[in-house]
Amino acid sequence: MENNLRELKGLGAKTEQLFHKLGLYSVRDLLYFYPAAYEEYEEPGQVCQVMEGKQCVIRARLGSGVSLTSGKTKAVVSTVLQDSSGRLDAVWFNMGYLRSRLRPGREYIFRGRASRKNGRLVIEQAQVYDPAEYEPLKGKLLPVYHLTKGLSNKTVRRMVTQALDSAFFPDDPLPEDTRLRLGLVSLRTALCQLHFPSDADSRQKARQRLVFDEFFSFILAVRICRRMGEEAENHFPLKLSWTTERIINRLPFSLTKAQQNVWHDIERNLCGSRLMARLVQGDVGSGKTILAFLAMALTAENGYQAALMAPTQVLARQHFEAFTTFVQSQGLTFLHPVLLTGSMKQKEKNEALRAIAEGEANCIIGTHALIRKEISFKALALAITDEQHRFGVRQRQALSSSQAFPHVLVMSATPIPRTLGLILYGDLDISVVDEMPADRIPIKNCLVGTAWRPNAYRFIQKQLEEGHQAYVICPLVEESEGLEAENVMDYSEKLREFFPENIHIRPLHGRMKDEEKNEVMQSFSQGQTDILVSTTVVEVGVNVPNATVMLIENAERFGLAQLHQLRGRVGRGKYQSYCIFIQGKEDEETSARLKLLAGSNDGFYLAGEDLRLRGPGDFFGLRQSGELLFSLADIYQDSDILSLAGREADFILKEDPLLTAPGHTAFRQLVDHQLEGQLERMEL
Ligand code: ADP
Ligand code: MG
């Protein structure tokens, strides 16, 4: 990977480390580090329009003198602002210099947040502008980034500005005529305007272009790989065996009708004359994992290797443990599982790599470390990817670079409506596990405001007293200047104050070291941690049946489909489970969306509604590492662009099915680059 951040002026070793913490290593990474939100410089309003708790911009006169009192620890500057509509108190802490800057009677623009102190509205720490100074800012949107301690928005903005202007700016992969025909802005305009929009409309156009790129490269890649798979010979026709039947009969539960059907699809594929390329969709908790295990067992019994890839370390480890238990409890001595993740010690890794290369290990479970170059399989016949809806494109490429193509199975809980699925995956075979195990008790939901928190905590405590565990989800990792949402670090502290000492509370997020992440997850799944406070890292696949409460802070920040995924972490066992959505910001639209969610536990229904409810462009939430497929695009919100990208991809591939024409090198690169990026993001 390019490591050229230091080429930027004023970026020293210390800042570089901070950027690394955010997963940014190159100028390109920085260009694609999209803002999490924007600061708006609105048209100034009047004093009477100021509302409690809301960011506001007002034009007002100083209605009194400016006083400076020195408290014990900080200097306090206070004054009164007024216009024809009313008066408002203003205070600043630790900004003593303002006293000499602010002139009584003069007019300024104040930008800040008002809160209520002793019954009166007060605007605190407002930014102050001379009207002439504010004029050019008006209507502008300034980017607000996800930050880490020690890094300020100002620094990131400065570095992004430089990056936009630097020699490392990537070429536009879309030829100008194509781009104009599709009505898209150039890559340069798109990246400049996404970071520093001149107005909301330009930002929208910028976003459209980048979303197009994401869809377009994805669809191209899927189509190409599908084609390569079709043309490839099936070197691994497996023989049916009775072992899987025996395994099924000995399971502690009986398979649902839907599981049986999908298993038969898979079995038929594996034992057929052509290579399998199948997507298995099934709502969270529908029991997809066991299907993967069965497929692995069948493959191994035929003398080949099978690999199961998960998008996160946490999930890979969990699968490995579940698989090991499965092997032991069923006495399946012919199965030799091995774990491989990026965070393992070199010695362990070498041992795993050796066992894989020599064929001693026949069931390989891991993260995308599995498709790194150093790994070579003896006879890989089946590659399974769990919890991602991108078809195993890259896997197929990487896994098969030196050998024959394996069968590919992709498992996803993301309910993609059929129409969109067809565009994304073309003619990929799809099976749906459309039935829940019979012993499931439906999750009880409630949607509440922040004032209800103490009740929620007391409710959690009761569940803990009954021996259960709880998840709490926050959108942010740590406090981040300019972003208003709960964060995992501070929230954990807050909960520690509320709950008695014997309740073990631990934070989990994607920026933690892998070993630490594993250890936290381990401790939660073994019941040593009672409350797990996490970002959306736990969104995918985590299975701790003893957890019965899911509390989601700032539920308005997430899309319906994502919330549904999060909720799927509970209700996985035989206990009644609960999901509490806390709405941090109330407006009619988000309330309507969240009410839908509280009213239904059906993922496919919700995905359809998500699509119907969200108009283009009305969702620009705080994206977190939980989102695996695209970084900006949203299949529901951007379905129009998805169709456009699908048509364009088909158009190009009709002439040049494998993108080998010289004029198409840029597309090829686009495909490679985007997949590379996804891979990086995936190793959470
Ligand atoms: P997902 O489809 O979300 O990946 P999992 O495969 O993790 O779901 O299954 C969720 C839980 O349901 C697991 O604890 C699993 O053992 C259990 N399970 C799977 N199939 C059945 C079944 N037919 N009856 C009862 N429990 C099942
Ligand atoms: Mg799963």
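The values are calculated or read from the model by the stated rules, or taken from the named source; none is laboratory data. Only a predicted model underlies this, so the values are computations on that prediction, with no experimental measurement involved. All Cβ positions, glycine included, derive from the backbone under ideal geometry; neighbour counts span all protein chains shown. With ligands, DNA and RNA removed, areas are computed over all heavy atoms of the protein, side chains included. Shrake-Rupley method; radii C 1.70, N 1.55, O 1.52, S 1.80 Å.
Within region 564-579, identify whether any single residue is in a loop (DSSP other than H, G, I, E, B), at pLDDT below 85 and under 23 Å from P417 (Cβ atoms), and answer yes or no. The answer is no, given that none of the residues of region 564-579 is in a loop (DSSP other than H, G, I, E, B), at pLDDT below 85 and under 23 Å from P417 (Cβ atoms).
Per this entry, L594 is not counted among residues that are surrounded by 18 or more Cβ atoms within 10 Å (Cβ to Cβ) and under 17 Å from T414 (Cα atoms). If I ask for residues that are assigned to a helix (DSSP H, G or I), crowded, with 22+ Cβ neighbours inside 10 Å and within 14 Å of ligand 1 (Cβ to nearest atom), which ones from region 275-316 would you list? Selection gives L291, A292, F293, L294, A295, M296, V314, L315, A316. Is at least one residue of region 222-232 more than 21 Å from L191 (Cβ to Cβ) and modelled with pLDDT of 85 or more? No, because not a single residue in region 222-232 is more than 21 Å from L191 (Cβ to Cβ) and modelled with pLDDT of 85 or more.
For the condition surrounded by 24 or more Cβ atoms within 10 Å (Cβ to Cβ) and out of contact with any Pro (no Cβ under 8 Å at 6 or more places or on another chain), M521 qualifies.
Does L220 count as away from ligand 2 (no atom under 16 Å from the Cβ) and open to solvent by 10 Å² or more (accessible area, probe 1.4 Å)? Quick ask: steps written out before the conclusion?
Details: away from ligand 2 (no atom under 16 Å from the Cβ): yes; open to solvent by 10 Å² or more (accessible area, probe 1.4 Å): no.
Considered against the rule, which asks whether it is away from ligand 2 (no atom under 16 Å from the Cβ) and open to solvent by 10 Å² or more (accessible area, probe 1.4 Å), L220 comes out as no.
Just to be sure, is S577 buried (at least 17 other Cβ atoms within 10 Å of the Cβ) and within 16 Å of ligand 1 (Cβ to nearest atom)? Judged against the criteria, S577 is a match.
Under the condition of being open to solvent by 10 Å² or more (accessible area, probe 1.4 Å), closer than 29 Å to Y605 by Cβ and not polar (S, T, N, Q), the residues counted in region 252-274 number 5. Out of region 409-465, which residues are hydroxyl-bearing (S, T, Y), away from ligand 2 (no atom under 16 Å from the Cβ) and more than 21 Å from A555 (Cα to Cα)? Listed by number, the residues that qualify are T419, Y425. The set of residues from region 15-47 being outside any helix (DSSP H, G or I) and farther than 30 Å from A114 by Cα comprises L22, G23, L24, Y25, S26, Y32, F33. Among the residues that make up region 554-563, is at least one of them open to solvent by 10 Å² or more (accessible area, probe 1.4 Å), more than 24 Å from A451 (Cβ to Cβ) and not in a strand (DSSP E or B)? Yes, because at least one residue in region 554-563 is open to solvent by 10 Å² or more (accessible area, probe 1.4 Å), more than 24 Å from A451 (Cβ to Cβ) and not in a strand (DSSP E or B).
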